[in-house]
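Before any comments, here is the structure.
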Protein chains: 2
Amino acid sequence: MRTSIATVSLSGSLTEKLTAASRAGFDGVEIFENDLLASPLTPEEIRARCADLGLSIDLYQPMRDIEAVPAEEFARNLRRARHKFELMRRLGADTVLVCSSVHPLAVDDDALAADHLRQLADSAEEFGIRVAYEALAWGRHVNTYGHAWRIVEAADHPALGTCLDSFHILSRGSDPKGIADIPGEKIFYLQLADAPLLAMDVLQWSRHYRCFPGQGGFDVAGLVRNVLDTGYDGPLSLEVFNDVFRQAEAGPTAVDAHRSLLVLQETVGVATPPAPVVPTGVAFAELVTPDAEPVAAVLGALGFARTARHRTKPVDLWRQGEARILVNTSGAARRTGTGLAAIGLESPDPAGAARRAEALLAPVLPRRRAAEDAPLDAVAAPDGTELFFCATDRPELPDWRADFADDTGVSQGTEGTRGSHGTDDTGGPHGTGVHRIDHLALTQPWHHFDEAALFHRSVLGLHAQESVDVADPYGLMRSRAVTNADGSVRIALGVGAAPTDDTVHAQHIALATSDVVAAARRFREAGGWLLPIPANYYDDLAARHEFADGELETYRDLGILYDRDAHGEFRHCYTMTVGRVFFELVQRDGYRGYGAQNAPVRLAAQHTARAVIGG
Amino acid sequence: MRTSIATVSLSGSLTEKLTAASRAGFDGVEIFENDLLASPLTPEEIRARCADLGLSIDLYQPMRDIEAVPAEEFARNLRRARHKFELMRRLGADTVLVCSSVHPLAVDDDALAADHLRQLADSAEEFGIRVAYEALAWGRHVNTYGHAWRIVEAADHPALGTCLDSFHILSRGSDPKGIADIPGEKIFYLQLADAPLLAMDVLQWSRHYRCFPGQGGFDVAGLVRNVLDTGYDGPLSLEVFNDVFRQAEAGPTAVDAHRSLLVLQETVGVATPPAPVVPTGVAFAELVTPDAEPVAAVLGALGFARTARHRTKPVDLWRQGEARILVNTSGAARRTGTGLAAIGLESPDPAGAARRAEALLAPVLPRRRAAEDAPLDAVAAPDGTELFFCATDRPELPDWRADFADDTGVSQGTEGTRGSHGTDDTGGPHGTGVHRIDHLALTQPWHHFDEAALFHRSVLGLHAQESVDVADPYGLMRSRAVTNADGSVRIALGVGAAPTDDTVHAQHIALATSDVVAAARRFREAGGWLLPIPANYYDDLAARHEFADGELETYRDLGILYDRDAHGEFRHCYTMTVGRVFFELVQRDGYRGYGAQNAPVRLAAQHTARAVIGG
């Protein structure tokens, strides 16, 4: 289906908005009146610019409070409308949106409303323009789509139809099934927006919190199915008023927007992008760093062994059990410092996963490899993290470790050598019993938190959990986990309180161990530094739970935090921070969360540590 | 009365919060449990720190979901409570807050609730602690203060009383008159918070949008009167959950908070700070700049004449009619660039105005003057703007212009010279008919927008109008005007969409003229550059209003914008931006607003101009 977006959904000048919409793959735009008024381009120039960009102008929305008003007011409205129809002719836009009146003098008189709309449609017809009448959720007398349709039906004019808007319908809790009563050819336009389920004034909700389909709590797909069943074949058009999108760069927002419509079309069955290939595990996490030493010191103390080196790049493979961490000292990190730059996702079908990602507008990364390297499919997540789709130890697929060789030059990841690093599975003499990566925590750009969840859900086929607030001493953070069904892939997406926020304390690699006390002890004995947790925290634990003798003292000594949920217990502790990244040791005995309850204490302890040692 | 603040209302570590509260003048604090848990200080150390800072610990709030729960649950609660009472003994806190239960298993049984609270109070009493029971607005069964009081009354225990919270009472629309039924000695605590009047889920409203009294829409003072009438003599304590305050620097937020309580006490008649002295006009606006030339060029083209120079500082006085602008080239501006740094407010009693400002915690500025200079009372506004309280041409008061001399050395602002600059009143040969400063627009720091309105209202005695949203191409701005009764002092407070926001387009000086067309023409003829406004804007004006022949063409030619309200018409245009400041020429024929309707077009035009010429 054709896709369209209202210019109000994107930031910047009109030309920035049009360019972003075109680049993201939209077929058309709705031009918001203020964007046109503020543009130095004439209507003819805007029309030409859109044509150059391959965009149709699907809708213009220049008038409010048209119908069911006193005669003198309506005469002024008709005069104004003719001005606007003339403008639309210059613009090449053939559909005008008219929202139900909120005018204080508007009367509750459907016959009068129908008569006024008929006169308006008469005038529009002279300019070759169609009028699409829409019920605002807060319209003074007309605020349901059924009511708007009854008026359109009564007016019975070929140039008059209705416009449906998912926000106005779903925010009021109207049942979209009634859409079946409207002939498809009388639905002149379909505007789509989702929204988080907030109990608040609907006007404020609409003006500030709309989001793209799939990012909120509405069943937008269900509504679209109802509309398509009528035979509607106009565009799917996004009209999203959102305080964050207004500030975000237009380019990424437009991509996010178009992705939401691609996913929506897949959901309702009118498009079939390549099917999602859900990752089955974490093959590796990749750190970039300008200086391998501090990272190597922590990894060594954590019981990891450096088992191999990339054949052509300055990348070391560290390993313990099934936890693998790449340390990349190539030039890129000199600018950004030490951070988590890439994730290897164990994929049943790496090429298929990459095809889906590409179809859903994820930037496909160049393979950056020497001629002899194994091909690796990779895309960029919205936060810039590189996602590699790969296979470990699966005979039917090339092993990503083929490009790595141990110190003797023996290639990793081939049948013959698989046994040779079995000795590392316990972590060797200094092992801490880490057996795999439990989860990865990524810091999201402030403006793209909703995009990130939709991306991981739609592109990777992960399940997104609820967003939770976490109190940092310097502002509320939000965190949202995405996981696969068996929990072997868990990514926690975190975002700070403001664009300026120091989110250094969000990015980390959590390592699973079956005995966090032993792991923490061995880490410390090997010279590792554990984040100290205040004694007051343990006094509170003692008040809330009962522990075996000495257990709490051990936790306090090691800085181990404790939580439990209906499924089990959780014990975890943290290492020092290196650059922008730190490690967590976790013992997850059935527990399904991420210790959000303990995050404020952990964050405060990290601020304290940084103030004291600059860590 | 004693004042207190909950540590959750401020950002940072516990010690940062305590220090800020003490410096701002609070007598005590409520310690929020998470702040204690996250602190590396022991309870004894926290107690000592508070004592050093002159702060009592008025309340601790470590427990939820205590009462009316199943027996086993209650036994666990009592056990936990004893742990917390022991902690409070170490802390030196003697009042514990217990909020009404939201536990899913809590039953609707007042007798059981009273019995549980009686047992809790029994336990507390052993530690010398009092229990203050409070109805949460979203309590499962107990959610009104009257209900909480009935349970406390039924429990009838000397160590059990009630806590009243203005948010929980006023957010539900409960009538605070019923507070008269509670004996003052049974009101153990009073928590105060205001909030903007939002129609939204009360839990979210409470957790994210509370603000300090006087910054929202509740009648907090009315409620406090009701409480004081009972004989309550405990502290007035602020408990404000606010996403912005969580991020803001603790120091200024604590000052803002304490100011709100000082004003509240004045309102309810228990404190009498010096009375407000409402300014009666704008004596001058002061620009600082590292380079006087670009500013001089614009002022000259605007018809201002440089009439005098400060005797001891590099400050020029420019004048046209009653509009006076100081241009200060002292070193400070080299760092900040050209901007609006100070406002001279015509004051009936400059010393009195300064005394009020100081009593309400405005930083009093050093007079920065040479021995022979006239004394000038000045304070800093929350955005750093210096506010001078001064007199112009009033024989009974020293004239601020006494420190300025014209080129012949004749002092300004004395009886003898008053006539000598009468010739400038028309602006001289190049005058543009500017007769006074219409309004000043100041950019507020993102975290202190609410503080700014309260400051200008309480310290200066101005009236604050409603806040309006203004769509900039790169985010929603907010703007709020503060004025005196006759409109001779008007200040528009603006704030960007995010802390990082480029708010260069908010700060300006608006100059009143009775003929903006003539003024704009003369400005342009004198070499001034007017902000070009897109033609599309004028097409829209033509659609919306009827104008005399040629009128719109004139406006389009000069970039004059048009608005009207119920009181009259408004015509205005803008100059180029110099550094961070620009000028507006306004013709206000009865109109009372600030052209907010036109602001999106103006802002977009400024972005366009900057992109084109770097202006």
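The values are calculated or read from the model by the stated rules, or taken from the named source; none is laboratory data. Note that this is a predicted model, so its numbers are computed, not measured. Note: ideal-geometry Cβ built from the backbone for every residue, glycine included; neighbour counts use all protein chains shown. Just so you know, the surface numbers come from the protein's heavy atoms only, side chains and all, with ligands and any DNA or RNA stripped out. Shrake-Rupley method; radii C 1.70, N 1.55, O 1.52, S 1.80 Å.
Helix-only arithmetic for chain B: the sum of -39500 (n - 2.57) across DSSP H runs with n ≥ 4, divided by the residue total, places the mean residue ellipticity at 222 nm at -9500 deg cm²/dmol. Derived from the Cα gyration tensor, the three semi-axes of the equivalent ellipsoid of the stretch A:423-575 are 29, 21, 16 Å, largest first. Mind checking the log10 I(q)/I(0) for the stretch A:514-557 at q = 0.16, 0.27, 0.28, 0.31 Å⁻¹? Debye, one equal scatterer per Cα, no solvent, two decimals. Result of the Debye calculation: -0.48, -1.03, -1.06, -1.13. Shape index of the stretch A:511-613: Rg/Rh, with Rg the Cα radius of gyration and Rh the Kirkwood radius from the inverse mean 1/r over Cα pairs, equals 0.94. Taking the stretch A:254-278 and a reference point 7 angstrom along Cα→Cβ of A:Lys177, no backbone N atom is nearer than 11 Å. Sorted into 10 angstrom bins from 0, the C-alpha pair distances of the stretch A:102-250 split as 11, 39, 34, 14, 1 percent. A simple packing score, the average count of other Cβ atoms within 10 Å per residue, orders the peptides B:570-578, B:120-128 as B:570-578, B:120-128, with the highest score first. The GluC sites (Glu not before Pro) found in the stretch A:506-598 that occupy coil by DSSP, while having at most 16 further C-beta atoms within 10 Å, are A:Glu546. Considering only beta bridges that DSSP places wholly inside chain A, some 55 percent are antiparallel. When each of the peptides B:478-489, A:159-170, B:335-346 is scored by the mean number of other C-beta atoms lying within 10 Å of its residues, the order from highest to lowest reads A:159-170, B:335-346, B:478-489. Normalising the Debye intensity of the stretch B:1-96 to I(0), with uniform scatterers on Cα atoms only, and taking log10 at q = 0.15, 0.16, 0.17 Å⁻¹ returns -0.58, -0.65, -0.71.
Sorted largest first, the principal axis extents computed over the alpha-carbon atoms of the stretch B:139-179 equal 29, 22, 13 Å. Placing a label point 7 Å from the Cα of A:His147 along the Cα-to-Cβ line, the residues of the stretch A:84-122 whose backbone N sits under 19 Å from it are A:98-118.
Taking the centroid of alpha carbons for each part, the stretch A:158-184 and the stretch A:443-512 are 35 Å apart. Mean separation of Cα pairs under 8 Å and 6 or more residues apart, divided by the residue count, gives chain B a relative contact order of 10 percent.
Restricting to Cα pairs below 8 Å that are 6+ residues apart, what does the relative contact order work out to for the stretch B:481-576? Please round to a whole percent.
23
Across peptide B:530-538, the average count of Cβ atoms from other chains found within 10 Å of a residue's Cβ is 4. Between A:Asp565 and B:Glu45, the modelled label-to-label distance comes to 3.4 nm, taking each label 7 Å out from Cα in the direction of the beta carbon.
For the stretch A:73-187, the Kirkwood hydrodynamic radius from C-alpha pairs, put into Stokes-Einstein at 4 °C and a viscosity of 1.567 mPa s, yields a diffusion coefficient of 90 µm² per second. The slack between B:Leu365 and B:Val102, meaning 0.36 nm per residue of separation minus the straight C-alpha distance, is 89.7 nm. Dividing the C-alpha radius of gyration of the protein assembly as shown by 2.2 N^0.38 Å, with N its residue count, gives 1.02. Ligands, DNA and RNA are left out, and with a 1.4 angstrom probe the accessible area of the protein assembly as shown is 36 Å² per residue.
Taking the Kirkwood radius as Rh and the Cα radius of gyration as Rg, the stretch A:224-307 has a ratio of Rg/Rh equal to 1.24. For chain B, the convex hull spanned by the alpha carbon atoms encloses 170 Å³ per residue.
Taking every residue in A:461-472 and counting other chain Cβ atoms within 10 Å of its Cβ, the average works out to 1. Other residues with beta-carbon under 12 Å from the beta-carbon of B:Thr253 carry, at +1 per Lys or Arg and -1 per Asp or Glu, a net charge of -1.
Starting from the label point of A:Gly409 at 7 Å along Cα→Cβ, the same points in the other copies fall at 9.5 nm, in ascending order. Taking the alpha carbon gyration tensor of the stretch B:181-251, multiplying each eigenvalue by 5 and rooting it gives semi-axes of 25, 14, 11 Å, largest first.
Relative to the longest principal axis of the Cα atoms of chain B, the long axis of helix B:14-23 lies at roughly 60 degrees. Between A:Ala402 and A:Ala548, the simple label model (points 7 Å from Cα in the Cβ direction) yields a spacing of 4.8 nm.
Neighbours of A:Ala137 by Cβ distance under 11 Å: Lys/Arg scored +1, Asp/Glu scored -1, total -2. For B:Gly550, the shell of other residues with beta-carbons less than 12 Å away shows a net charge of -3, using +1 for Lys and Arg and -1 for Asp and Glu. Against the empirical 2.2 N^0.38 Å (N residues), the stretch B:275-396 has a Cα radius of gyration ratio of 1.07.
Annotation for B:Asp486, label-to-label distances across the other copies: 8.2 nm (shortest first, one decimal, point 7 Å from Cα along Cα→Cβ). Within the accessible area of the protein assembly as shown, the carbon and sulfur atoms contribute 50%, probe 1.4 Å, all protein chains present. If R0 is 22 Å, the Cβ-Cβ spacing of A:Asp291 and A:Arg610 corresponds to a FRET efficiency of close to 0.70. With all projection directions averaged, the alpha carbon convex hull of the stretch B:1-160 covers 9.4 nm². Across the identical copies, the 7 Å label point of B:Arg64, projected outward along Cα→Cβ, sits 3.9 nm from its counterparts, in ascending order. Mind checking B:242-249 for the average number of partner chain beta-carbons within 10 Å of each residue's beta-carbon? Counting Cβ atoms of other protein chains within 10 Å of each residue's Cβ and averaging gives 4. When Rg and the Kirkwood radius Rh are both evaluated on Cα atoms of the stretch B:209-359, their ratio Rg/Rh stands at 1.12. What area, in nm² and to one decimal, does the C-alpha convex hull of the stretch A:57-107 cast on average over all directions? Over all viewing directions, the stretch A:57-107 projects a mean Cα-hull area of 3.3 nm².
Compared with the dominant Cα axis of chain A, that is its longest principal axis, helix A:250-268 is turned about 80°. Each residue, B:Arg335 and A:Glu86, gets one label point 7 Å from its Cα in the Cβ direction; the gap between the two is 5.7 nm. Among chain B residues, the beta-carbon with the smallest distance to the axis carrying B onto A is reported, with distance in whole Å, as B:Met200, 2.
Taking packing as the residue-averaged number of other Cβ atoms within 10 angstrom, the listed peptides B:270-279, A:507-516, B:229-238 run from highest to lowest as A:507-516, B:229-238, B:270-279.
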